[in-house]
1. Filter the stretch 277-310 for residues that are part of a loop (DSSP other than H, G, I, E, B) and of a type in the set (Asp, Glu) and give the result.
2. Scanning the stretch 267-310 for residues that are in contact with a helix residue (DSSP H, G or I) (Cβ under 6 Å, 6 or more places away or on another chain) and over 21 Å from Arg85 (Cα atoms), which turns out surrounded by the most Cβ atoms within 10 Å (Cβ to Cβ)?
3. In the set Val33, Val45, which member is under 26 Å from Cys182 (Cα atoms), surrounded by fewer than 15 Cβ atoms within 10 Å (Cβ to Cβ) and either in the same structural domain as Arg267 (by TED's automatic domain parsing) or among the hydrophobic types (A, V, I, L, M, F, W, C) (or both)?
4. Considering only strands (runs of 3 or more DSSP E) fully contained in the stretch 215-276, which possess at least 1 residues that are among the β-branched types (Val, Ile, Thr) and in the same structural domain as Lys301 (by TED's automatic domain parsing)?
5. Looking at (1) closer than 30 Å to Arg140 by Cβ; (2) surrounded by 18 or more Cβ atoms within 10 Å (Cβ to Cβ), find the lone condition where Lys211 falls short.
Amino acid sequence: MNYNEATKILLEWYKHYGRHDLPWRQSRDPYRVYVSEVMLQQTQVERVLGYYQRFIERWPSLQALALAKEEEVLALWSGLGYYSRARNLLKSAQLCAATGLPRSYEELLRLPGIGRYTASAICAFAYDQPVVVIDTNIKRVLRRYFATTKDNGLWDLAKTILDTKHPREHNLALMDLGALVCTPTAPQCHECPLHPTCQGHEDPLAYSAPKPKAYEKLQLFLGLCIQDGRLALIPSTQRLYQGLLVLPPTTPDPTRYIATITHTYTRYRIKAHLYHTDPPREATWIPLNALDEAPISSLTKKAVAKFIQS
Ligand code: SF4
């Protein structure tokens, strides 16, 4: 069997077993594809589902998003992490509101926050253009399929098997195959439509991606001040949380200690020690019952929940 035959079986497999119910697969609107692909970067599908629905309900078009305020977008993004994604999405919407998202890969690459993956995903999934898409799942399938441990040259290898007549389905099929069959630790080769032509099926784990870098440990000392049912927050001065309101840093004082919480964010394992604190200067006071609509991080929400429990 050659790849052309295998690819037919792959598309057939996708027809029956693909994740067609994902909300962003219901539309080829480039804006919706764009929003979903940005949200899915380094974030699990299950986590994105609710955020995507709320985002699209609130801003159903590029033009609607372009009119939003950054703090509103960050508030809706709150808890999803990697907030620069939200800021860049808004900037791109403002740049393209009049013309719509570009159709060409090169022009998409010029927009803030759009890299090789997102540009190719928009071209393939929205415009059905014959481009290769490589996300984490597809990369794993390709490494095993071509029995290679090198990522250099993977885009070129991927082009050799691209189904140029059905690029959208082809890329989505590979993506779903990686998520459902060619999984990181337990690939189901006997159920895989690519098995007859896969060069790595005898020892798929030998071609797995290298382990991600270890987390960096970070200790924070944060102040909690709640008065009249409102929480005192300050604008973040850190790049990671740019545009968000955060708990003010404080000096450790055993007599004002509340609790310690742990939190993982991007490449950090954070240990945050919480202390009662006096109101910071220039505090922004957010009612506790409005925290869900405020531009704050999961760490802040976790700290408040801990404070309320203690
Ligand atoms: S045969 Fe096995 S290793 Fe090859 S693509 Fe399928 S699941 Fe992955």
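1. Scanning the stretch 277-310 gives Asp278, Glu282.
2. If we take residues in the stretch 267-310 being in contact with a helix residue (DSSP H, G or I) (Cβ under 6 Å, 6 or more places away or on another chain) and over 21 Å from Arg85 (Cα atoms), then Leu274 is surrounded by the most Cβ atoms within 10 Å (Cβ to Cβ).
3. Val45
4. In the stretch 215-276, 230-235, 257-265, 268-276 are the strands (runs of 3 or more DSSP E) which contain 1 or more residues that are among the β-branched types (Val, Ile, Thr) and in the same structural domain as Lys301 (by TED's automatic domain parsing).
5. So the condition that Lys211 fails would be (2).
The values are calculated or read from the model by the stated rules, or taken from the named source; none is laboratory data. Keep in mind that what you see is a predicted model, and the values were worked out from it rather than measured. Note: ideal-geometry Cβ built from the backbone for every residue, glycine included; neighbour counts use all protein chains shown.
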